[in-house]
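These notes concern the structure reproduced below.
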Amino acid sequence: MIAELGHFTLILAFAVALFQSSVPLIGAWKGWDRWIESARPAALAQFGLVGLSFAALTVSFVTSDFSVQLVYENSHTAKPMLYKISGVWGNHEGSMLLWVLILALFGAAAAVFGAHLPPSLRARVLAVQAAIGAAFYAFIIFTSNPFTRFEIPPFDGRDLNPLLQDPGLAFHPPFLYLGYVGLSMAFSFAVAALIEGRVDAAWARWVRPWTLAAWVFLTIGIALGSWWAYYELGWGGFWFWDPVENASFMPWLLAAALLHSAIVVEKREVLKSWTILLAILAFGFSLIGTFIVRSGVITSVHSFASDPSRGIFILAILAAFVGGALVLYAARAGAMQAKGVFAPISREGALVINNILLGVSAFVVFIGTVWPLVAEMFWDRKLSVGTPFFEQAFTPFMIALAVVLPIGAIIPWKRGQIKRALKPLRGAAAMAVAVMLLVFAVSTGRSALAVIGAGLGSWLVFGAMAELWFRTGKSGFSRLLRLPRADWGKAVAHAGLGVTFIGISLLMAWQIEDIRTVRIGQTFTVGSYDITLQSVEDVPGPNYMATTAALAVARNGREVTVLHPEKRVYPVQAMPTTEAAIDNGIFRDVYLVIGDEQQDGGWAVRSYIKPFANWIWLGCALMALGGFISLSDRRYRVAAGARRPMVGVPAE
């Protein structure tokens with residue numbers, strides 16, 4: 001009965017989405033107030049219905065209702081409760097239901113918090129949002145029904161993929177989808193503005209909070225996925241340029257560009273066309289990511305489905321919405337005339353450079369991701385685009401971005417001078433040089449990556465501090481705490497990017513790797529640590545069997561810790577996994593992995609010393625924190641202070 005209720009409410013949500021995507025749009029065109037106002041209750045009703053559908057599927061997983069085919073294929077009675085719940089979205093059908101739930105959530109939020117939006121614009125935004133939802137409801141109902149039942153229920157389930165039975169992966173997809181799907185709001189605002197023929201400062205002020213929220217959630221989702229890959233897969237890496245990783249990274253880059261571009265539209269009413277285009281492309285790349293994960297065109301531990309027919313359906317959705325938006329964009333290009341002018345050396349100029357660097361970076365990642373597919377499709381050639389390509393092609397743009405950011409944050413609007421802009425940054429530059437010299441002294445004879453990366457990261461961190469101090473003027477500390485939260489948020493986010501720069505560069509330049517066979521009782525040295533294999537034993541888990549090692553880690557004759565890496569086997573799926581053991585520290589991680597028993601009685605052991613590894617995710621956390629701080633600024637709330645400028649502003 002629960003499954004049937006979920007299926008029924010899903011169909012009702014589809015019907016409401018069809019209503020919401022048409023009636024308010026017609027009302028806005030005809031000027032019919034009641035039809036315009038129908039968008040708000042429809043958005044709330046749609047969210048309530050799809051919420052009931054998602055709750056019904058969750059109940060089926062929690063109660064282990066194996067008459068539901070999806071529960072049978074992705075759950076098991078012995079599975080811990082956390083993974084029973086995360087199993088709801090740990091598969092194709094359930095994850096798509098989460099997708100439309102979040103889409104409806106953003107639509108309902110726009111209906112609730114968009115009270116000060118002009119009614120016609122709000123109606124069009126909610127109609128576009130509902131049209132996207134209707135397309136994906138149709139995709140779920142006709143190709144990916146999560147509520148399909150068995151006539152004869154099995155006794156037990158097949159269990160969730162063991163790689164997904166991890167806290168990091170339990171929370172990674174919801175945050176990632178909040179980012180992916182959240183960009184639909186920027187898309188809806190862009191299309192609504194194109195229909196109205198008006199893009200102005202008020203529009204930019206409305207679209208920024210939604211884009212910022214999506215970017216923050218996408219940052220958290222990407223960081224959780226990277227953290228999971230680091231400690232769960234046992235490879236010791238944090239980013240592998242996997243196509244599915246890239247599929248989330250490209251919208252993140254474009255969303256960052258959109259945020260900075262919207263600032264220019266709000267402050268100076270220029271770059272309107274570029275901002276609208278970024279809003280379309282950012283969501284378009286989110287749909288591309290959905291296609292990559294679910295079409296079967298790539299093989300990855302992240303991919304959900306391998307059904308080409310589903311991929312064609314998603315490709316049709318992508319073509320309809322992004323293609324339609326681009327056609328509308330071309331038709332309305334003349335209505336988006338810039339009202340202001342600016343010199344190349346100005347805040348606007350710096351933000352243009354910022355946008356170019358982020359946009360080209362996303363394009364580089366896109367080319368590296370799809371080129372093997374294109375080569376195989378058109379020339380029947382098997383190509384592999386690996387880490388060296390991305391590092392060599394992508395890194396220069398990030399270096400340039402790091403150089404520009406602190407200068408662009410301080411230089412005046414309209415026109416400025418480089419010398420005057422650099423004056424408040426002299427202290428930051430001196431500190432960055434000092435850090436570079438320190439790193440150079442420590443890393444003599446090693447890669448220059450550590451020196452350059454640490455210097456650029458320090459430049460970003462100290463540049464953010466210098467910008468805050470510069471904005472206090474002559475008031476000093478008395479004004480520092482009274483600065484707008486948006487200024488604090490921007491500084492924290494830029495500093496977080498710098499911290500991530502430092503962590504990545506020092507980890508890649510200084511890490512130590514050791515692979516060997518070790519007998520029980522034997523001690524070996526890795527870097528400045530002595531590691532002893534004390535024991536290896538079999539330990540039963542809740543739904544797996546584990547081979548657990550005890551490895552004592554000592555430094556200068558003193559024991560630091562005892563780590564317990566594991567090799568697990570999940571009997572239901574007969575799938576082994578590797579569980580690394582990590583001694584986390586501020587300045588280094590000791591990372592140990594136990595392998596298979598060898599013929600001579602020893603055990604394969606992989607050991608890594610990873611300097612500054614945690615700075616990567618600390619930087620991501622600071623970037624997300626900066627976004628949340630900015631969102632708490634009243635100027636970032638939807639329509640806060642934006643209602644008055646709209647009065648009497650004619651459509652362009």
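So the values come out like this:
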| quantity | calculated |
| --- | --- |
| Verdict on L625 being of a type outside the set (V, I, T), modelled with pLDDT of 95 or more and not in a strand (DSSP E or B) | yes |
| The one condition in (1) in contact (Cβ under 8 Å) with a residue 40 or more places away in the chain; (2) closer than 23 Å to D166 by Cβ that G541 fails to fulfil | (1) |
| Condition broken by F47, with the remaining ones in (1) aromatic (F, W, Y); (2) within 31 Å of the chain's Cα centre (by Cα); (3) more than 20 Å from F189 (Cβ to Cβ) satisfied | (3) |
| Number of the exception - V526 against (1) touching a residue at least 60 places away in the same chain (Cβ under 8 Å); (2) outside the structural domain of G557 (by TED's automatic domain parsing); (3) hydrophobic (A, V, I, L, M, F, W, C) | (2) |
| Neighbours by Cβ (under 7 Å, 6+ apart or cross-chain): first from region 184-209, on the phi > 0 side of the Ramachandran plot; second outside any helix (DSSP H, G or I) and of a type in the set (D, E) | G197/E652 |
| Check on V370, surrounded by 15 or more Cβ atoms within 10 Å (Cβ to Cβ), closer than 21 Å to T275 by Cα and either over 22 Å from the mean Cα position of the chain (by Cα) or not acidic (D, E) (or both) | no |
| Spans of helices (runs of 4 or more DSSP H) in region 19-85 with at least 3 residues in the same structural domain as A115 (by TED's automatic domain parsing) and farther than 23 Å from A104 by Cβ | 69-74 |
| Entirely in region 376-468, the helices (runs of 4 or more DSSP H) that have 2 or more residues that are among the polar types (S, T, N, Q) and on the phi > 0 side of the Ramachandran plot | none |
| Index of the failed condition, A135 passing every other in (1) in contact with a helix residue (DSSP H, G or I) (Cβ under 9 Å, 6 or more places away or on another chain); (2) farther than 15 Å from R294 by Cβ | (2) |
| Residue in region 302-313 that is at pLDDT below 80, surrounded by 14 or more Cβ atoms within 10 Å (Cβ to Cβ), assigned to a loop (DSSP other than H, G, I, E, B) and in contact with a Pro (Cβ under 9 Å, 6 or more places away or on another chain) present | yes |
| Residue that is farthest from L422 (Cα to Cα) [pool: residues in region 386-397 that are touching a residue at least 40 places away in the same chain (Cβ under 8 Å) and buried (at least 16 other Cβ atoms within 10 Å of the Cβ)] | F390 |
| Residues satisfying the stated conditions in region 123-164, i.e. of a type in the set (A, V, I, L, M) and assigned to a loop (DSSP other than H, G, I, E, B) | I152, L160 |
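The values are calculated or read from the model by the stated rules, or taken from the named source; none is laboratory data. Values in this document were obtained by computation on a predicted structure and should not be read as measured data. Glycine gets a Cβ as well: all are built from the backbone with ideal geometry, and neighbour counts include every protein chain shown.
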